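> Below is one structure. I have some questions about it.
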Amino acid sequence: MDDLIKQAADDLAAAGKVTALTGAGISIESGIPPFRGKGGLWERFDPMEIAHIDAFMRDPARVWNILVKEMKKIVDIAVPNDGHKGLAKLEEMGKLKTVITQNIDGLHQAAGNTDVIEFHGTFAWQRCMDCSRKYETRQVDISVIPPRCSCGGILRPDAVFFGEMIPPDALRRSRQIASDCDVMLVVGTSAVVQPAALMPVIAKESGAKVVEINPERTPLTDEISDYLIPGGAGDVMNRIVAELEQIS
Ligand SMILES: [Zn+2]
């Protein structure tokens with residue numbers, strides 16, 4: 001383990017451009033449950049019933065009451081953990097340029113990362129379905145459901161529902177960034193869902209080192225990753241940053 005931390009710090013020290021690909025695993029320590037897998041929201045809800053754009057269009061109040069209110073409760077009080085802070089620190093040190101994330105919790109920006117590509121949009125903001133005005137989710141009054149814009153339009157999460165497209169610009173930029181980095185840190189994701197799954201492959205094919213930080217082995221581990229540092233994102237990032245500060 002210590003050898004792997006040292007290896008990661010050496011690889012980061014030698015790298016000009018570092019990018020990170022993150023997923024639900026990095027936000028667990030902030031109290032955000034994953035959607036997929038054990039304990040995930042989709043164990044309790046059928047996403048096609050409740051998180052599909054058609055379901056929202058059909059009955060926004062229902063989706064607000066069952067899903068969006070619950071997510072708001074969780075995200076409103078969540079704060080970045082050491083995993084997010086470690087990535088922000090890497091940006092501060094001039095190493096990390098861009099975070100590509102599958103998360104919608106806004107915690108990378110809250111930690112201080114300035115260039116965050118969000119494949120699935122963001123839940124930190126709500127958007128008016130009529131005039132597109134945006135409201136910070138924390139500020140949205142939910143005493144009346146569905147909440148509305150000052151223009152009268154219904155507010156929806158600025159995140160991607162099932163049945164909606166990944167923002168094309170996010171996809172285009174992340175492909176470009178993945179092909180032009182020296183190290184890709186894959187943190188808290190098994191990267192099995194597209195389009196995230198493609199990014200480590202592009203990085204690897206373009207000559208980057210792919211360093212995986214996950215509690216367990218994933219499909220990436222043997223095929224793509226140069227090595228896996230097993231553990232929680234917070235603990236591992238703390239140790240890598242501490243090591244990197246010593247050698248740089
Ligand atoms: Zn409006």
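The values are calculated or read from the model by the stated rules, or taken from the named source; none is laboratory data. Here the structure is a predicted model, which means the values were calculated and not measured. We place every Cβ from the backbone using ideal geometry, glycine too, and count neighbours over all the protein chains shown. To get the accessible areas, we keep the full protein, side chains included, count just its heavy atoms, and leave off ligands, DNA and RNA. Shrake-Rupley method; radii C 1.70, N 1.55, O 1.52, S 1.80 Å.
> Which of the residues spanning the stretch 130-165 are open to solvent by less than 80 Å² (accessible area, probe 1.4 Å), without any contact (Cβ under 8 Å) to a residue 60 or more places away in the chain and over 17 Å from Asp105 (Cβ atoms)? Spell out the reasoning first.
In the first step, residues of the stretch 130-165 are kept if they are open to solvent by less than 80 Å² (accessible area, probe 1.4 Å); the result is 131-132, 135-137, 140, 142, 145-147, 149, 151-164.
Add one more test, that the residue is without any contact (Cβ under 8 Å) to a residue 60 or more places away in the chain, and what stays is 131-132, 135-136, 149, 151-153, 155, 158-160.
Once the filter is applied, which keeps residues that are open to solvent by less than 80 Å² (accessible area, probe 1.4 Å), without any contact (Cβ under 8 Å) to a residue 60 or more places away in the chain and over 17 Å from Asp105 (Cβ atoms), the stretch 130-165 yields Cys131, Ser132, Cys149, Cys151, Gly152, Gly153, Leu155.
> Still on this model: When the residues of the stretch 26-69 are filtered to those that are in contact with an Asp or Glu (Cβ under 9 Å, 6 or more places away or on another chain), in a helix (DSSP H, G or I) and open to solvent by less than 40 Å² (accessible area, probe 1.4 Å), which remaining residue is nearest to Phe161 (Cα to Cα)?
Ile53
> For the stretch 147-169, which residues satisfy the criterion of being away from the ligand (no atom under 15 Å from the Cβ) and touching a Pro at 6+ places or on another chain (Cβ under 8 Å)?
Listed by number, the residues that qualify are Val160, Phe162, Ile166.
> Also, I was wondering about something else. So Val144 clears everything in (1) among the β-branched types (Val, Ile, Thr); (2) under 19 Å from Ala233 (Cα atoms); (3) within 16 Å of the ligand (Cβ to nearest atom) except one condition, right? Which one?
(2)
> Next up: Answer yes if at least one residue in the stretch 74-82 is assigned to a loop (DSSP other than H, G, I, E, B), at pLDDT 95 or above and open to solvent by 40 Å² or more (accessible area, probe 1.4 Å), and no otherwise.
Yes, because at least one residue in the stretch 74-82 is assigned to a loop (DSSP other than H, G, I, E, B), at pLDDT 95 or above and open to solvent by 40 Å² or more (accessible area, probe 1.4 Å).
> I've got another one for you. Could you please find all residues in the stretch 173-192 being on the phi > 0 side of the Ramachandran plot and of a type in the set (A, V, I, L, M, F, W, C)?
Residues of the stretch 173-192 on the phi > 0 side of the Ramachandran plot: 188, 191.
Residue satisfying the conditions is Ala191 alone.
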